[in-house]
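Taken together, the values in this text are just the output of simple stated rules run on the coordinates, not laboratory data. What you see is a predicted model; the values in this text were computed from it and never measured. Please note: Cβ atoms are built from the backbone with ideal geometry, for glycine as well, and neighbour counts cover all protein chains shown.
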Amino acid sequence: MSRVETISRPRKMTVEEYLEFERNSDAKHDYVDGQVIDVRAMAGTTAEHASIQLNWLVALANRLQGMPCRPFGSDLKVRAVQRTRYRYPDLSVVCHPIEYDPRESTHLTLVNPKLIVEILSDSTEIQDRGDKFKEYLQIDSFREYVLTSQRLPIVETFFKRDDGQWLFNFSRGLDAAVKLQSLGIEVPLREIFAGVEFSPEALADDAT
């Protein structure tokens, strides 16, 4: 089957049309209540974004060896809000048994992520903190949300306790570490931001 064209502006589709389109597309597209949205149109990937994403994936893979949990990069979608929204998070972690969307014959969409990582950018930060977080909250298995800055060595986590309350934690600086309570592991920020150069101006602004 030939690859279909990508889209630069939102297009209306049914869920079935979207899943078929996405199987044959060269690009990634979110699906939000009937609209198909090019992920690249929302935020162009930077070198910093790519480095942080790879660092996170390696750090999680190393620490989860021998555990019943597995990290995935942004090649797999997550189904949120029943079957009306599909998103491509920057990273997700699923613990066994891994569950996939039964509407697809291939394993392209996760339905039971435990942890989701989003790397913030100027164009997506409002959505990552708002609409996407609200969507992820409706996933029963979802326990921890990790927001990672590109501009500064900062990681924010939101962890759901057994009583349903959410706890917020703020980790800042290359000498700090972020504790992922849902997985029982800790990752130094120096490891997450390895290879990323922060501007002196940004670091100075953060220090004030």
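On full extension of the chain, what length is gained from Asp162 through Lys179, given 0.36 nm per residue of separation minus the C-alpha to C-alpha distance? The partial results should precede the final answer.
Numbers: separation 17, 0.36 × 17 = 6.12 nm, distance 1.72 nm.
Gain on stretching Asp162 to Lys179: 4.4 nm.
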Under 5 Å between amide H atoms, partner at least 5 residues away or on a different chain: which partners does Val36 have, H built in plane at 1.01 Å? Arg11, Lys12, Met13
Expressed to one decimal in nm², the mean projection of the alpha carbon convex hull of segment 100-208 is 8.8 nm²
Taking His96, His49 and counting other beta carbon atoms within 10 angstrom, the fewest-first order is His96, His49
Can you sort Trp166, Trp56 so the residue with the fewest Cβ neighbours within 10 Å comes first? Trp166, Trp56
So what's the gap between the Cα centers of segment 128-157 and segment 103-126, to the nearest angstrom? 10 Å
Cα principal axis extents for segment 83-139, largest first, Å: 35, 22, 19
Inter-label distance, nm, simple model (7 Å from Cα along the C-beta direction), Glu17/Asp75: 2.9 nm
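Pulled fully out, how much extra length does the chain show between Asp122 and Thr106, if you take 0.36 nm times their separation in residues and subtract their Cα-Cα distance? Could you put the intermediate results ahead of the total?
On the way: separation 16, 0.36 × 16 = 5.76 nm, distance 3.36 nm.
Stretched out fully, the Asp122 to Thr106 stretch lengthens by 2.4 nm.
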Could you pull out every one of the lysines with an alpha carbon less than 19 Å from that of Lys77, ignoring same-chain neighbours closer than 8 positions? Lys12, Lys28, Lys114, Lys132, Lys134
Show which aspartates and glutamates lie in cross-link reach of Lys179 when reach means a straight Cα distance below 12 angstrom and same-chain residues fewer than eight apart are skipped. Glu144, Glu156
